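The values are calculated or read from the model by the stated rules, or taken from the named source; none is laboratory data. In this text, all values refer to a predicted model and were calculated from it rather than measured experimentally. Please note: Cβ atoms are built from the backbone with ideal geometry, for glycine as well, and neighbour counts cover all protein chains shown.
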Amino acid sequence: MEIDGIDCVSTSDGIYEEEIHHQHRHRLQFSASSAKPTTNNAVSPAISPATSVHELLECSVCTNSMYPPIHQCLNGHTLCSTCKLRVNNRCPTCRHELGDIRCLALEKVAESLELPCKYCSLGCMEIFPYYSKLKHEVQCNFRPYNCPYAGSECPVVGDIPFLIDHLRNDHKVDMHTGSTFNHRYVKSNPREVENATWMLTVFFCFGHYFCLHFEAFQLGMAPVYIAFLRFMGDEVEAGNFSYSLEVGANGRKLTWEGTPRSIRDSHRKVRDSHDGLIIQRNMALFFSGGDRKELKLRVTGRIWKEQPNSDAGVYIPNLCI
């Protein structure tokens, strides 16, 4: 059975042009694992009292931090309210019935704690009261990013340098340097949308990485193509950049200009919000020319950084790399 493929010709800043042949690859599955240090029964003198108390606040079943209501058995073994339901009201340590005993002393101790964000190793230096820490960590700017690869629901998370290596080595994503691009997308049977054609190319410019997505999907009853850009960083930084996309032929063209979305927003969320250059299939085939039986789309674009003009209070584009 012949495997359908995509030919992509990329020109970055006029420096080089290369022919790339992409085939449907096997979907890669990765697992993100976390190692947790073991602790002895005796508390080491090097461990601070706050750290020791924090360990007491770890659920004995799921090892996550416990929040009210904290439950305990008659022998004093504690666990979180979620795990209490999972263990059928039996203490997993001594097998005694749990009942409805709250560990109010431990809940009060938790109120007095101030702890660092769990992402302190990634750069967050803030300290929070115990009960505020969880809320912060959900939105912490230093929390790991999800892998932006769209071809499979990849579970890998990490900081940007780690994800770049992961995309290059594990997903074999094409990497380019420059703020302009020129891609040609070719598909022999453009009427097949069930196995959506998707591509990801990463560009490095202005000291940051950007993900260019191109794929086919079903919009209502009509198959369409969409191209959009995502920024490998947080939402605030993404707002400092703009990009444009253009596709056309035979004296016609479609253009799109916008702000790249952060990879905090999933690929599917951006696609389903139609935040990009959308090309109806009939228009795509018109741009392809020929007998309209083969997709041949050339998508060009550029990325620029907005520079504030302090005098006028407006932004002016910076096209330098």
* Look at segment 203-224 and say how many of its residues are in contact with a Phe, Trp or Tyr (Cβ under 7 Å, 6 or more places away or on another chain) and crowded, with 22+ Cβ neighbours inside 10 Å. => 5
* **Checklist (1) part of a loop (DSSP other than H, G, I, E, B); (2) crowded, with 16+ Cβ neighbours inside 10 Å; (3) without any contact (Cβ under 8 Å) to a residue 24 or more places away in the chain applied to Lys84, failing item** => (1)
* So which residues in segment 108-140 are among the aromatic types (Phe, Trp, Tyr), touching a Leu at 6+ places or on another chain (Cβ under 7 Å) and closer than 12 Å to Tyr67 by Cα? -> Tyr130
* Using the structure shown, decide if Arg95 is surrounded by 12 or more Cβ atoms within 10 Å (Cβ to Cβ), farther than 25 Å from Ile127 by Cβ and free of Cβ contacts under 8 Å to residues at least 12 places away in the same chain. => no
* Asked: Here are some conditions: (1) surrounded by fewer than 17 Cβ atoms within 10 Å (Cβ to Cβ); (2) modelled with pLDDT of 90 or more. Tyr145 meets all but one. Which one does it not meet?
  -> (1)
* segment 132-185, residues that are among the acidic types (Asp, Glu) and either part of a helix (DSSP H, G or I) or touching a helix residue (DSSP H, G or I) at 6+ places or on another chain (Cβ under 8 Å) (or both) -> Glu137, Asp159, Asp165
* Would you mention how many residues in segment 249-307 are among the basic types (Lys, Arg), modelled with pLDDT of 85 or more, farther than 19 Å from Gly239 by Cβ and assigned to a strand (DSSP E or B)? => 3
* Structure fact -> Those residues of segment 50-78 which are within 15 Å of Leu106 (Cβ to Cβ), of a type in the set (A, V, I, L, M, F, W, C) and in contact with a helix residue (DSSP H, G or I) (Cβ under 9 Å, 6 or more places away or on another chain) amount to Val53, Leu56, Leu57, Cys59, Met66, Ile70
